[in-house]
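Notes follow the structure.
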Amino acid sequence: MNNLTHKENPLLYWFSKIGDFFVLSILWLLLCLPVVTFIPACIALFDSVAHCIHGTEDGCVSRFFRTLKSELLRGILLSVLWAAIGFLLVWGYSILYQMGKEDPAMATYSLVYLFTMLIPLGILAWLIPVESRFEHSFFGLIKAAVVYSICHLPTTVLLLVVFLLALVLVFLLPVLGVLMPAIAVTVQCWLIEKVFTKYIPQDEEENDG
């Protein structure tokens, strides 16, 4: 359907894609409000983008809610875990920051510590698509995300750059918040799929969905 629309009316095709960006971004924003549903919402957004924006599947909204439902319980557990990790890291940085006000050497340590705080974000950038695409146990999923983040470090850096750039753009122009989540994930999905194609057999990739 998408391919036919693209051939017959490219303008209508791109308006349809913009509509998908808007709807998926709004759904993601709303479902992130409870906080504990942050990771399930991210998995649903990535899965919908992979199949309905990158792919040719119709019904991005139904795909979003179907994935959200199947990933809700484990996603909530992951959200709680990452929130706890984030809290501990921010708490540790606040201590180093206060110490850095009195000791210049500690100020240097606090800057290094701030950089290491990106590590959980890098792992999370892989955890979401890996959960969307592959079957793993809870701890197997985390291990796989760590391995991907290290073995494909340049891609991990690019994923974080896309994330930070999206944040800056939304900060400078808040109205972009209704489109930016899906747009940023679309760019990240393109980067991630280039890696996943190395691990997914061609026949399985064609039948995926």
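Please state, rounded to one decimal and in Å, the Kirkwood hydrodynamic radius that the chain gives when every pair of distinct Cα atoms enters the mean of 1/r. Present the calculation step by step, with values, prior to reporting the outcome.
Values: mean 1/r = 0.0541 Å⁻¹.
With all distinct Cα pairs of the chain included, I get 18.5 Å.
Before anything else, pin down the relative contact order of region 112-209: Cα pairs under 8 Å, at least 6 apart, normalised by residue count, whole percent. Could the numbers behind the result be given before it?
On the way: 49 pairs, mean separation 22.2, N = 98.
About 23 percent, as a whole number.
Along the principal axes of its C-alpha atoms, what lengths does region 97-209 span, in descending order and rounded to whole Å?
Computed over region 97-209, the largest-to-smallest principal extents equal 61, 37, 23 Å.
Under a 1.4 angstrom probe, counting protein chains only, how are 151, 52, 32 ranked by accessible area, largest first?
On the way: 151 90, 52 5, 32 25 Å².
Largest accessible area first, the residues go 151, 32, 52.
Longest segment of the chain with no trypsin sites (Lys or Arg not before Pro) in a DSSP loop having at most 16 other Cβ atoms within 10 Å?
Details: sites that count: 101, 198.
With trypsin sites (Lys or Arg not before Pro) excluded where exposed in loops, the chain gives 1-100 as its longest stretch.
Run the helix sum for the chain: -39,500 (n - 2.57) per DSSP H stretch of 4+ residues, divided by residue count, reported at 222 nm to the nearest 500 deg cm²/dmol. Intermediate values should be presented prior to the final figure.
Details: 10 runs with 168 residues, N = 209.
Mean residue ellipticity, 222 nm, calculated: -27000 deg cm²/dmol.
Before anything else, pin down the relative contact order of the chain: Cα pairs under 8 Å, at least 6 apart, normalised by residue count, whole percent. Walk me through the numbers on the way to the answer.
Values: 194 pairs, mean separation 49.9, N = 209.
It rounds to 24 percent for the chain.
The values are calculated or read from the model by the stated rules, or taken from the named source; none is laboratory data. The model shown is predicted, which means the values in this text are computed figures rather than measured ones. Please note: Cβ atoms are built from the backbone with ideal geometry, for glycine as well, and neighbour counts cover all protein chains shown. Side chains are part of the model used for accessible areas, which takes the heavy atoms of the whole protein and leaves out ligands, DNA and RNA. Shrake-Rupley method; radii C 1.70, N 1.55, O 1.52, S 1.80 Å.
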